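I have placed the structure first, in the form of structure tokens, so that the comments after it can refer back to it.
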């Protein structure tokens, strides 16, 4: 039986720092994409509302559809951004810290801003309000407006009800993803 070659800590450290760099690149790209999705969503809402104000009430049905499609992409990117940060804090950082002797924790910012930022829970709450407004309140408002001012149509009414259900399901995903209860508990227990 062959014994494994000794591990060269310098090479492993290089691999970990390279992985960190790639993860941060991906995180930055996902943040940029996520933020741009909100702007695209608002542009679609504006175009739909303009059409509705021009007398085409069925255009309001594009709002919940855009909310679900673009919002799901937004939420997926937001989740991956958080997952990358969590991986760096719980896996990559501790592994690199142990390789460097454990006397100085690496990637300190990754942990610090999660636990020591006194405004974190306030910001998370505000982002939940923004996300909920953009991807649930506005689409449900558009559906309500369609039901009030739209002309009855045998196909569009059931479609609008399906959209309402889908928006409510997506709203639940937004609240679940925000993980606000855990954030508040973490900051109030200090």
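With respect to the numbered conditions (1) farther than 30 Å from residue 63 by Cα; (2) over 17 Å from the mean Cα position of the chain (by Cα); (3) in a helix (DSSP H, G or I), which one is the sole condition not fulfilled by residue 144?
(1) is the only condition that residue 144 fails.
Using beta carbons and a limit of 6 Å, which pairs, at least six apart or on different chains, have the first residue in segment 97-125 and on the phi > 0 side of the Ramachandran plot and the second one surrounded by 11 or more Cβ atoms within 10 Å (Cβ to Cβ) and part of a helix (DSSP H, G or I)?
From residues that are on the phi > 0 side of the Ramachandran plot, the pairs are 107/88; 107/93.
Checking residue 55 against (1) part of a helix (DSSP H, G or I); (2) within 18 Å of residue 149 (Cα to Cα), which test does it fail?
(1)
Looking only at segment 48-71, filter to residues that are in contact (Cβ under 8 Å) with a residue 24 or more places away in the chain and within 27 Å of residue 23 (Cα to Cα); which one of those is farthest from the chain's Cα centre (by Cα)?
Among those that are in contact (Cβ under 8 Å) with a residue 24 or more places away in the chain and within 27 Å of residue 23 (Cα to Cα), it is 70.
Run down 16, 45, 74 and say which single residue is closer than 18 Å to residue 96 by Cβ, part of a helix (DSSP H, G or I) and in contact (Cβ under 8 Å) with a residue 60 or more places away in the chain.
16
Would a scan of segment 111-130 turn up a residue that is out of contact with any helix residue (DSSP H, G or I) (no Cβ under 9 Å at 6 or more places or on another chain), closer than 30 Å to residue 10 by Cβ, surrounded by 14 or more Cβ atoms within 10 Å (Cβ to Cβ) and modelled with pLDDT under 95?
No, segment 111-130 contains no residue that is out of contact with any helix residue (DSSP H, G or I) (no Cβ under 9 Å at 6 or more places or on another chain), closer than 30 Å to residue 10 by Cβ, surrounded by 14 or more Cβ atoms within 10 Å (Cβ to Cβ) and modelled with pLDDT under 95.
The values are calculated or read from the model by the stated rules, or taken from the named source; none is laboratory data. Please read all numbers here as calculations on a predicted model, not as lab measurements. In this analysis, Cβ positions are derived from the backbone assuming ideal geometry, glycine residues included, and neighbour counts consider all displayed protein chains.
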